[in-house]
Structure formats: structure tokens, C-alpha cells
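What follows is a single structure, written as C-alpha cells, with notes after it.
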């Protein structure tokens with residue numbers, strides 16, 4: 001898992017399978033992100049991108065990790081978007097109807113508008129899943 005901060009955007013790049021092991025690794029990275037910084041997370045990056053380009057498999061454990069990450073981002077007044085889903089992962093999102101919850105993009109570049117580098121996505125609120 002690669003974690004970067006680029007121009008106020010936190011980018012997580014998991015690879016391989018987002019299953020029970022990959023899901024735990026994602027949750028661990030997010031927890032480290034929460035504890036390592038004394039800064040307000042929105043000052044570090046108010047947009048969180050999970051780039052799934054190198055993820056070729058996802059199961060229910062991976063979906064749970066993504067939903068929990070989504071909720072953590074929302075609680076910290078940040079936005080979570082996903083990009084670069086392969087066909088099989090995209091199908092899982094469609095079957096589970098999570099494509100209606102997450103903001104999904106074809107690639108990283110399509111997340112941002114070319115004119116002002118702000119998010120091209122709308123600012124509508126998405127339902128909070130599995131709230132604690």
C-alpha cells in the first residue's frame with residue numbers, strides 16, 4: 001500500500017487483493033494517517049483518493065474496509081473518491097450498489113477539472129454507511 005499527499009490530496013494506492021488481508025492493511029494505513037498527524041486532516045488533504053489501479057480482486061472484507069474509510073473521511077469532513085477500478089471490481093460495486101454511494105472515476109486525472117484543479121465532482125452529501 002502506497003500513501004502519498006499531493007497538493008492537499010491524500011492518495012492511497014492498494015495493490016493485489018482487497019480481501020481480509022488487504023482490507024486490514026488499508027484500515028491500518030488510515031488509522032496511521034489519523035494518529036500520525038497533529039494537524040487537522042482537512043489541512044493535510046480534504047480529498048482522499050483511493051486509486052484501485054493495481055487491485056485485481058475485492059471481496060466483502062475489502063468492501064467493509066472501504067466503507068469504514070468512507071465513514072472516517074466523512075467524520076473528518078473530507079471527501080473520499082475511488083478511481084481506476086478494473087472491470088471485475090467495478091462489477092462488484094454495481095452488484096452491491098455501492099457505485100451509488102462512492103464517487104467513482106475512470107482514472108486519477110478525471111477527478112480534477114482542467115481549469116482550476118478543483119474537484120470536478122459535485123459537493124452533494126452521500127449517505128453515511130455503518131456509522132458508529
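The values are calculated or read from the model by the stated rules, or taken from the named source; none is laboratory data. This one's a predicted model, so the numbers in the text were calculated from it and none came from an experiment. Ideal geometry is used to build each Cβ from the backbone, glycine not excepted, and the neighbour counts take in all protein chains shown.
Assorted remarks:
- Scanning region 48-90 for residues that are in contact with a helix residue (DSSP H, G or I) (Cβ under 8 Å, 6 or more places away or on another chain), surrounded by 15 or more Cβ atoms within 10 Å (Cβ to Cβ) and outside any loop (DSSP other than H, G, I, E, B) yields a total of 21.
A quick yes/no check of all residues on (1) touching a strand residue (DSSP E or B) at 6+ places or on another chain (Cβ under 9 Å); (2) at pLDDT 65 or above; (3) on the phi > 0 side of the Ramachandran plot:
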{"residue": "31", "(1), (2), (3)": "no, yes, no"}
{"residue": "35", "(1), (2), (3)": "no, yes, no"}
{"residue": "59", "(1), (2), (3)": "yes, yes, no"}
{"residue": "73", "(1), (2), (3)": "yes, yes, no"}
{"residue": "77", "(1), (2), (3)": "no, yes, yes"}
{"residue": "122", "(1), (2), (3)": "yes, no, no"}
